[in-house]
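One structure is given below, encoded as structure tokens.
Read-outs: derived from the displayed coordinates by stated rules, not from any lab. Bear in mind that the values here come from a model prediction, so they are computed numbers and not experimental data. A quick note on method: Cβ atoms are made from the backbone with ideal geometry, for glycine too, and the neighbour counts reach across all protein chains shown.
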Amino acid sequence: MAEAPPSERRPSGFANLLLHLHPRVVPADSLRLSRTFGLGGAALVLFAVLAASGALLLVTYEPSPERAYATVTAIVDEIPLGAFVRSVHHWGANGLVLVAFLHLLRVFYRGGHLPPRSGNWIVGVVLLLLVVGSAFTGYLLPWDQLAYWAVTISTGMLDYVPGVGALLLRAARGGAEIGPGTLARFFVLHVAILPVATMLLLAFHFWLVRKAGGVVIAHGVGDAAAPRGPLVPTSPGLTRREGVASLVVIAAVLLLAGVLDAPLLSQANPGASPNPVKAPWYFMGVQELLVHLHPLFGAAVVPGVLLALLLALPWIGGVAPPSGRWFESERGARWVAWSGAAGGLLALAAVVANEPLRRRPPWLPGLAPAVRGGLLPLLAAALAVCLAAVLARRRGGTRPEVVQVAFTFVVGALVVLTGVGVLLRGQGMALAWPLPPRP
């Protein structure tokens, strides 16, 4: 019997599964690497890697302060490839936080947050919060000095939330201090509640992407009959690229885990804190704010305002349909680059200028600390952001371009603050050069 031509062959079971996740055809323009950089798919692969490695770690781990550290050391020292699996889980979690953030930036700068995709933008922001929450709840489980004190300083930020801070702090810790209740809560959140919520929301997220017709395609790609440009079969056009990208992501995590072990300090000791005590890197921007601002503003007001603005971006950016281009225009791309650099440099200058001031008697002593160390710096930062937006507007920028300029100014500042906190804060949270002195 003659073999059926490729176009008439029935897809295999695996191909059927992939074709249920994707439409049968996709725009050829959506297959270009520069369109998405594969960030959404990379996040999904990292989530799967974390699920697999986490399941292996659960075979030995015991979530109690008496046994947690001992079981982790047993995984590292006694179980074959245990240290490697733990490193895969550690670097996969950090990679997922970074990739999810970069994916959010990619969607924003492509205009994928604008109507009619604004609902999926909200879902994406919530997914990013779930990813950060999953990484943070897993941070405590080794029960070593690094984990214990990082979670102590991070949960302590909740106490500054007006009105409900003390309640949130006790809810997070399961008591006044980090202890068995904290570990139990973090364990259940990390292995059950947050992963299930993430999987359900991921499914909804992908369904919304498919319902919207896939990734945003730039205007003018196709003609009036085919505005999204020429179409190609999903298999093998898209599925083969996804397979290759998945292998690259997995290989990168395995290589990193093989070269760098996951950190593990001595067992948690509530009576002896390390110096300095730092939050996980994805919270270091907030901790750096606490170094300079009144706690009410550094831990509650500024993060709350930024999160509210992030959720409101689809409605701030205008009602025009997304263009699908990077940065709306070449002119807008230049403005975005300058705005990000300006935000970062201004943040660095403020850190350096404030370092000697915060160790001296307070300036303007007649003002309330919350006004002097919170409201006035916040107003100055808001003025700088508005100035960047006004300059873009006066040079003929469109509304989406102006929003991108303001957004990038803030992102540049937050990236620099995070970098300063991670790399340049030494004992007593004083500025310190990260490299050891030459002998």
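With springs connecting C-alpha atoms under 10 Å apart, model the chain as a Gaussian network and identify which of ALA176, ALA68, ALA279 has the largest mean-square fluctuation. Judging by the Gaussian network model, the answer is ALA176.
Over all other residues within a Cβ to Cβ distance under 14 Å of GLY397, the charged ones net out to +3, with Lys and Arg as +1 and Asp and Glu as -1.
Dividing the Cα radius of gyration of the chain by its Kirkwood radius returns 1.00 for Rg/Rh. GNM on the chain, alpha-carbon springs under 10 angstrom: the most fluctuating residue among SER235, SER134, SER34 is SER34.
Remark: TRP281, TRP207 ranked as TRP207, TRP281, counting other beta-carbon atoms within 10 Å and listing the fewest first.
Near THR234, once Lys and Arg are set to +1 and Asp and Glu to -1 for all other residues with Cβ below 13 Å from its Cβ, the sum equals +3.
About its Cα centre, the dipole of the range 275-432 is roughly 240 debye, where the only charges are +1 on Lys and Arg Cβ and -1 on Asp and Glu Cβ. In order along the range 390-402, the Karplus-derived 3J(HN,Hα) couplings, from 6.51 cos²θ - 1.76 cosθ + 1.60 at θ = phi - 60°, round to 5, 4, 5, 5, 5, 8, x, x, 6, 4, x, 5, 5 Hz, and Gly and Pro are given as x.
Remark: relative contact order (the range 320-439) = 40 percent; criterion is Cα-Cα distance under 8 angstrom and separation of 6 or more residues. Projecting the Cα atoms of VAL45, ALA349, VAL385 onto the dipole axis of the chain, where Lys and Arg carry +1 and Asp and Glu carry -1 at the beta carbon, places VAL385 farthest toward the positive end.
Taking amide H as placed 1.01 Å from N in the peptide plane, the amide H of ASP144 sits under 5 Å from that of ALA268, each at least 5 places away or on another chain.
Scanning residues 5 or more positions from VAL26 or on other chains, those with amide H under 5 Å from its amide H are VAL232, THR234, with H placed 1.01 Å from N in the peptide plane. Normalised by the number of residues in the range 23-172, the mean separation of alpha-carbon contacts (under 8 Å, six or more apart) gives a relative contact order of 21 percent. Each residue, ARG32 and TRP363, gets one label point 7 Å from its Cα in the Cβ direction; the gap between the two is 4.8 nm.
Highest mean packing first, where packing is the average number of other Cβ atoms within 10 Å per residue, the peptides 361-374, 339-352, 301-314, 402-415 line up as 402-415, 339-352, 301-314, 361-374. Using a Gaussian network model of the chain in which every pair of alpha carbons under 10 angstrom is joined by a spring, one finds that among ALA384, ALA147, ALA212 the greatest mean-square fluctuation is at ALA212. Across the options ALA197, SER235, PRO263, the greatest Cα extent toward the positive end of the charge dipole of the range 21-273 (unit charges at beta carbon of Lys, Arg, Asp, Glu) belongs to SER235. Take every pair of alpha-carbon atoms less than 8 Å apart whose residues are at least six positions apart; their mean separation over the length of the range 47-116 yields a relative contact order of 33 percent. Let me make sure I get this right: for the range 275-432, a, b and c are the square roots of the gyration tensor eigenvalues over alpha carbons, sorted descending. Under 1.5 in a/c it's rounded, otherwise prolate if a/b > b/c, else oblate. Which is it? Cα axes put the range 275-432 in the prolate bin. Distances between placed amide hydrogens fall under 5 Å for ARG325 paired with HIS219, all partners being 5 or more residues away or on another chain.
Whole angstrom only: what separates the Cα centroid of the range 37-101 from the Cα centroid of the range 389-439? Between the Cα centres of the range 37-101 and the range 389-439 lies a distance of 30 Å. The string of couplings for the range 105-113 from the Karplus curve (6.51, -1.76, 1.60, θ = phi - 60°) is 4, 4, 4, 5, 6, 8, x, x, 8 Hz, one whole number per residue in order, with x for Gly and Pro.
Put a plus charge on the Cβ of each Lys and Arg, a minus charge on the Cβ of each Asp and Glu, and nothing anywhere else: the dipole of the chain about its Cα centre is then about 1240 debye. Helical content alone sets the calculated 222 nm signal of the chain at -19500 deg cm²/dmol, taking -39,500 (n - 2.57) per DSSP H segment of four or more residues and averaging over every residue.
Using the Karplus relation 6.51 cos²θ - 1.76 cosθ + 1.60 with θ = phi - 60°, the per-residue 3J(HN,Hα) values for the range 263-273 come to x, 8, 8, 5, 4, 4, 10, x, x, 9, 8 Hz, with x marking Gly and Pro.
A simple count of charges around GLY175, restricted to other residues whose Cβ falls under 14 Å of its Cβ and scoring Lys, Arg +1 and Asp, Glu -1, yields +1.
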